[in-house]
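Student: Below is a structure I'd like to ask you about.
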Amino acid sequence: MSFKVPDLNYDYNALEPYIDTATMQIHHDKHHAAYVAKLNDAVNGTDFAEKQIEDILKNLNAVPENIRTVVRNHGGGHFNHSLFWKTIGPKAGGTPDGTVAKAIDAAFGSFDSFKEKFSAAALNRFGSGWAWLVRDANGAVEITSTANQDSPLSDGKIPVLGIDVWEHAYYLKYQNKRADYIAAFFNVINWKEVNALYENALK
Ligand code: MN3
């Protein structure tokens, strides 16, 4: 058994004009595939090849030291991107509803306040990384940011939404204008899926 890049549930061009076709194709077929290939190379022949990526990232200290950094980077890349493809989509955006909407209001006061803080976390991540909406075991949400491909799972948090702010996620269309990409991202957030991730984690 080995890790695999999940198929997209929509076409490469489905997120136009917010995320362009070429970026989707390269990001999914090349970048994500490279994380998976390097992860598989690292865990090949070990017990970790049979584990869930979530479980591996929750306890990186259990990974042998000689492959730990590779698993952290490329396993994180695999998990983070798998979540990313699911939580964006066509005919999406707008505002959340369901349980996650209530948690957002409780934590930030309003959706607009959440949007402002999430955007700031994404904009202010220096270099490559992610901004996240995460939840804890009690269902409370907060905004975090990680460098490189580090996953909130490794910090004991459950990610329910993430924005990739590596330049490969936006540079073809937005060049240096990361803020414009972040603003556009809100038009492709699949809140139904975010809510499902939030609620599944409650079980
Ligand atoms: Mn990426």
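Student: Cβ neighbours within 10 Å, averaged per peptide: list 188-200, 101-113 in order, most packed at the top.
Tutor: Working: 188-200: 19.2, 101-113: 15.1.
Sorting 188-200, 101-113 by mean packing, highest first, produces 188-200, 101-113.
Student: Please compute the contact order of the chain in relative form: average sequence separation of alpha-carbon pairs under 8 Å and at least six residues apart, divided by the residue count, as a percent. Working shown, then result.
Tutor: Numbers: 314 pairs, mean separation 52.5, N = 203.
The value is 26 percent.
Student: Just how large is the dipole of the chain about the Cα centre, in debye to the nearest 20, putting +1 at every Lys and Arg Cβ and -1 at every Asp and Glu Cβ?
Tutor: Details: 20 positive and 24 negative charges, 29 e Å.
The calculation lands at about 140 debye.
Student: Using only C-alpha positions, report the orientation-averaged shadow area of the convex hull of the chain, nm², one decimal.
Tutor: The directionally averaged projection comes out at 10.8 nm².
Student: If you count, for each residue, the other Cβ atoms within 10 Å and average over each peptide, how do 160-170, 134-144 line up from highest to lowest?
Tutor: 160-170, 134-144
Student: So, by mean Cβ neighbours within 10 angstrom, what's the order for 73-80, 33-40, 120-127 with the highest one leading?
Tutor: Output ranking for 73-80, 33-40, 120-127: 73-80, 33-40, 120-127.
Laboratory data are not the source of any read-out in this text; all were calculated from the coordinates shown. Since we're looking at a predicted model, the values are computed, not measured. A quick note on method: Cβ atoms are made from the backbone with ideal geometry, for glycine too, and the neighbour counts reach across all protein chains shown.
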